[in-house]
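> Starting off with a structure, shown below.
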Amino acid sequence: MKQHPLCTDTEQAPSALHPAVPTEMQREWATLNTRRHFLGRTGKVLGWAALASLLGDRGMRGDAYKAGGKDGSGPRDAESLKLPHFAPRAKRAIYLFMSGGPSQVDLLDYKPNLAALYDKDIPDSVRGAQQLTGMTSGQARFPIAPSHWSFKRYGETGTWVSDLLPFTGRIVDDLAIIKSTNTDAINHEPAIMLMNTGNMNAGKPCLGSWLAYGLGSMNDNLPTFMVLQSKLNTKENNQPVSSRLWSSGFLSSEYAGVGLRSTGDPVLYLTDPNGVDREVRRKMLDAVNEINRQTYEELGDPETNARIAQYEMAYRMQTSVPELADLSKEPNSTWDLYGPEAKEPGTFAYNCLMARRLAERGVRFTQVYKRGWDMHDNVTGILPIICGETDRGCYALVTDLKRRGMLDDTLVVWAGEFGRTVYSQGGLSPENYGRDHHPRCYTTWMAGGGVRTGITYGETDDYSYNVVKDPVTVRDFNATILHCLGMDHNRLTYKFQGLEQKLTGPTPASVVQGLLA
Amino acid sequence: MKTIEGLVQKIKPWLPKSHSARTAWVGALATTVTLLLLARLVPLDGRPHADWEQFLGRFHPLVVHLPIGLLMLVPVLEIAGKFRPGLKQAVGFVLGLALGACALALALGFLLAHGGGEAGPGVTRHLWSATALTIAVLLCVLARPWQSQGHVPFAYPALLTCALLVLFYTAHQGGALTHGSNYLTQYMPASLKRLSTLGAKAPPATSFYARHINPILDAKCAACHGESSVKGGLLMDSFESLMKGGQDGPVIIAGHPEQSLLLQRVMLPPDHKQFMPAEGKPPLKPEEISWIREWIQQGASPTATALAGISIREERETQPIEPVGDYGALMNEIRQLAQGQGAKLVPVSSKPQDGLILYTVDVSSNFGDAQLTQFQKFAPYIVEAELGRTAVTNASFDTLKLFTHLRALHLEETQVTGDGLAKLSSLSQLTYLNLSGTQVTAAALAPLSSMKNLRSVYLYNTPAQPAPLVGQAQPLTRNTP
């Protein structure tokens with residue numbers, strides 16, 4: 001780094017507004033720190049300290065002090081938090097996150113009348129004064145692109161499902177398909193943050209962390225909240241997902257999601273290096289924990305306790321994760337159901353199988369991410385690929401949970417961050433088209449614990465553009481998930497920065513009663 | 001002759017003495033006879049008559065509430081009159097008004113029935129009970145003065161009680177005519193329903209017609225086409241009579257919904273003269289129409305249990321959940337368990353009455369029958385036991401049978417073979433039993449059939465598969481379009 005000759009701490013040239021202070025002058029200033037300074041500052045500090053003690057622990061620090069396990073004893077107990085609020089229908093949840101925004105028009109929101117409107121402009125009355133993304137706002141016209149695929153009716157419910165999802169078709173009788181999900185965000189990052197954390201800005205705890213916080217652990221040997229990323233397919237347009245999405249925000253970091261890698265070791269550096277056996281590891285941890293405990297006593301930062309708990313968790317995961325990842329005992333019926341792809345670590349099918357295994361082992365919340373649903377062009381080229389990658393896994397997971405008797409108390413959620421436009425982005429031809437982001441309506445589904453089966457909830461207009469019946473906002477969607485797991489979204493709060501923070505944010509949200517069994 | 005004279009002598013003290021009273025009695029007698037003969041002279045033949053009859057008759061629903069209110073007021077005034085004598089003086093007036101209102105309602109009701117061509121046992125019952133009511137009120141009016149005169153003091157209260165009972169019956173019949181006979185009981189809580197039927201439970205209907213079509217017709221059509229009233233000669237209370245049709249011929253032509261009169265009429269625009277249900281009664285919901293259409297399309301069978309492409313969520317009778325007792329005294333031990341690395345007892349929710357869940361996932365293979373017995377003291381508070389992948393065996397049933405509030409039991413992938421499952425049959429709250437991945441056989445499951453609250457038994461990957469019991473565990477079927 002290049003140092004300016006006059007200056008000790010900046011490489012910038014001096015400016016009139018921010019004069020650089022020569023080192024000598026700084027030294028001189030330091031010596032001028034007189035008794036008067038000292039007394040003045042001490043008085044202020046004492047005043048603040050008195051105020052803090054008057055306000056009590058919670059006044060300044062929020063719930064963090066209370067929530068971070070006391071005396072390093074690990075996770076908070078549900079007893080003191082009075083959680084869950086009521087008897088849950090689901091003990092755990094699996095969230096299949098379709099990152100990028102799956103095209104509802106091509107998958108589950110059947111609009112047969114669109115075929116006749118091929119290449120016609122979408123009426124202005126339908127679009128209204130909506131602000132579009134920069135990707136299509138410059139387009140001269142918005143020609144309707146009917147779905148390239150035909151739909152069939154499946155199940156006893158006769159639900160229309162695209163030919164792209166033949167496996168999903170087999171489970172429609174177990175799903176609650178929500179056609180009226182809608183979001184406030186139009187771009188990936190804010191939209192995916194909103195879906196996961198209830199806020200477009202980073203820094204809030206995500207759904208899984210709230211669940212871990214509210215429900216506590218069922219298994220001491222595995223994290224309460226796990227994240228599985230599916231392998232990337234480079235043919236697809238993969239929008240980034242980051243650990244912000246499974247961050248615990250202002251909640252203790254014990255509640256953050258723990259990711260399993262899609263290739264190699266599921267958890268890096270979990271195996272002991274050569275020459276270190278479990279006993280040595282134990283001794284090392286005991287020593288580290290002792291030091292951490294002293295630090296906690298000295299500083300009182302609850303994050304120190306979280307760190308102790310995480311070291312211990314990692315130690316236990318040294319045995320629990322290899323057992324988890326060992327699929328050799330899975331019966332043949334598993335492979336018949338999930339397909340051969342499931343044997344390859346990192347595929348979506350493999351992750352679905354892992355999600356089932358995690359659910360069996362008491363993990364409260366598993367989130368499986370599949371990227372690549374962002375199709376601004378070449379829908380007919382890419383959509384069949386990604387549907388092929390995901391369709392069977394979804395079907396296999398729901399079916400497997402059902403036959404094992406786990407669907408009664410496991411909630412399965414399938415959702416992306418938004419939908420896609422009915423009009424074509426870029427050129428429209430009979431063979432191909434693109435679709436831009438569409439926040440006003442998109443299709444999601446839920447299955448299992450606490451959710452009505454075999455229903456379609458909400459309706460969109462003839463263009464799959466606006467919701468015309470029973471809208472479900474992201475807030476309502478998340479409130480409903482919390483409800484299935486026994487929590488009232490208005491009461492699952494955490495005091496931080498002077499606010500009673502909650503997953504659904506300050507805007508009123510409501511549990512979607514029509515989705516509940 | 002002598003005997004008659006003797007008889008007259010005998011009843012003389014009973015007969016009215018004054019001239020006016022005698023006239024009143026004669027008038028009453030004449031009215032009674034007229035009323036009783038009315039239905040004979042002008043029978044309800046099920047054919048519509050003059051329009052003016054219907055015009056006036058349709059005021060019946062308006063007027064009919066007057067006598068109800070007035071008559072209900074009479075006993076109130078009589079009782080309240082004991083404390084405030086002024087009220088007693090009003091009774092005669094109110095009773096007279098009630099009589100007038102009764103007569104008017106009866107007349108209008110008769111016009112409605114006759115004019116509109118109503119017939120059927122329900123209408124007849126309503127008419128006869130209304131007639132009886134009018135006569136009873138008339139007698140009340142006549143008998144009331146006796147009370148003050150000291151003759152037969154009990155006659156008036158008895159007559160009034162009779163009149164009120166007849167009133168309730170008549171009003172209920174009338175309600176059944178307008179709203180359908182299951183109007184009152186349709187949304188009755190299941191527990192009450194069980195009480196009201198007192199075990200006289202019909203076997204659960206299995207056919208699509210009995211479960212879905214008949215209830216629609218019952219709720220929406222039976223008021224005019226039920227046993228109480230058979231308009232247009234069409235009776236819809238049973239499959240046979242429905243298929244027979246009415247005056248205009250059959251209303252359902254199997255396989256041809258578009259030619260079926262029933263469907264045509266319910267699908268007319270609501271303001272159409274022939275729209276059904278008529279007279280502003282609640283119309284059929286779109287999904288109800290679509291079920292009927294599919295049912296006709298697929299052969300209008302009385303026995304078919306399911307229709308392709310149609311699935312209707314059914315309200316399951318839910319067993320009331322028995323709250324567990326207070327386990328506060330054991331809370332310290334529960335907390336200690338939570339601190340340790342062993343099996344844990346976790347409250348279902350913040351409400352203690354929701355009970356505890358026994359989790360063993362941390363210790364699975366080290367948790368056996370011996371460990372389970374240590375949880376005996378918590379037995380009545382445990383509502384769910386997760387013993388999947390533990391080392392428990394058939395011997396665990398001896399402990400588990402003490403878990404009186406157990407609702408869900410997980411025994412998947414254990415050494416359990418099912419011998420002694422019968423011991424669990426005393427667990428009346430048990431609804432869920434997971435035996436997947438065990439060696440249970442179909443024979444070992446036989447004792448479970450007596451547990452009527454046991455709704456889901458999972459037998460995936462067992463010798464007993466496929467599930468011999470209820471629905472949920474059955475494999476998925478796919479209907480092609």
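Values quoted throughout were computed directly from the atomic coordinates according to the rules given, and no laboratory measurement underlies them. No experiment lies behind these values; they were computed from the predicted model shown. With ideal geometry, Cβ positions are generated from the backbone for all residues, glycine too; neighbour counts draw on all protein chains shown.
> Can you tell me, using C-alpha contacts under 8 Å and at least 6 residues apart, the relative contact order of the range B:203-305 as a whole percent?
Answer for the range B:203-305 is 29 percent.
> Per the Cauchy relation, a quarter of the hull surface: what is the mean projected area of the convex hull of the alpha carbons in the range B:328-458, in nm²?
Approximately 7.3 nm², given one-decimal rounding.
> Continuing with this model, one more query. Rounded to the nearest angstrom and ordered from largest down, what semi-axes does the equivalent ellipsoid of chain B get from its C-alpha gyration tensor (root of 5λ)?
Those come to 63, 35, 18 Å.
> Still on this model: Of all beta bridges DSSP finds with both residues in chain A, what is the antiparallel percent, to the nearest 5?
Here the antiparallel bridges make up roughly 50 percent for chain A.
> Nearest 0.05, what FRET efficiency do residue A:52 and residue A:28 give at R0 = 41 Å with Cβ-Cβ as r?
0.75
> A further question follows. Please report the antiparallel percentage of DSSP beta bridges with both residues in the protein assembly as shown, rounded to the nearest 5.
45
> Which of rounded, prolate, oblate describes the range A:110-254, given a ≥ b ≥ c as roots of the alpha-carbon gyration tensor eigenvalues and a/c under 1.5 marking rounded, otherwise prolate only if a/b is larger than b/c?
oblate
> Same structure, new question: When only alpha-carbon atoms count, how far does chain A stretch along each of its three principal axes, as whole angstroms with the largest first?
Cα spread of chain A along its principal axes, largest to smallest: 87, 62, 47 Å.
> From the Cα gyration tensor of the range B:203-305, with a ≥ b ≥ c the square roots of its eigenvalues, which class applies: rounded if a/c is under 1.5, or else prolate if a/b is larger than b/c, or else oblate?
rounded
> Once you order the gyration tensor axes a ≥ b ≥ c over the Cα atoms, which shape class does the range B:6-140 get: rounded for a/c under 1.5, otherwise prolate or oblate by comparing a/b with b/c?
Oblate is the answer for the range B:6-140, as a/c is 1.5 or above yet b/c matches or exceeds a/b.
> If you count the DSSP beta bridges with both ends in chain B, what percent of them are antiparallel, to the nearest 5?
35
> Treating the beta-carbon of each Lys and Arg as +1 and of each Asp and Glu as -1, no other charges, what is the dipole magnitude of the protein assembly as shown about its Cα centre, to the nearest 20 debye?
3240
> I need A:476, B:45, A:121 ordered by Cβ neighbour count within 10 Å, fewest first.
Lowest to highest Cβ neighbour count: B:45, A:121, A:476.
> When the Kirkwood radius is taken over all Cα pairs of the protein assembly as shown, what Stokes-Einstein diffusion coefficient follows at 4 °C and 1.567 mPa s, in µm²/s?
Translational D for this selection: 37 µm²/s.
> If we count other beta carbons within 10 Å of each Cβ, what is the order of A:133, A:504, A:421, fewest first?
Exposure proxy ranking, most exposed first: A:133, A:504, A:421.
> Taking the Cα centre of chain A as the origin, how large is its charge dipole in debye, to the nearest 20, when only Lys and Arg (+1) and Asp and Glu (-1) carry charge on their Cβ atoms?
In total the dipole reaches around 880 debye.
> Would you calculate a helix-derived [θ] at 222 nm for chain A, using -39,500 (n - 2.57) for each DSSP H run of n ≥ 4 and dividing by the full residue count, to the nearest 500?
-10500 deg cm²/dmol
> Please state the charge dipole magnitude for the range A:334-424, taken about the Cα centre, from unit charges on C-beta atoms (+1 on K and R, -1 on D and E), reported in debye and rounded to the nearest 20.
For this selection, approximately 300 debye.
> Using alpha carbon centroids, what distance separates the range A:175-232 and the range B:237-277, in Å?
Each part's Cα centre sits 52 Å from the other's.
> Same structure again: How much length would be gained if the chain were fully extended between residue B:168 and residue B:326, taking 0.36 nm per residue of separation minus their Cα-Cα distance, in nm to one decimal?
Stretched fully, the residue B:168-residue B:326 segment lengthens by 52.3 nm.
> For chain B, what does the helix formula give at 222 nm: sum of -39500 (n - 2.57) over DSSP H segments with n ≥ 4, over the residue count, nearest 500 deg cm²/dmol?
-13500 deg cm²/dmol
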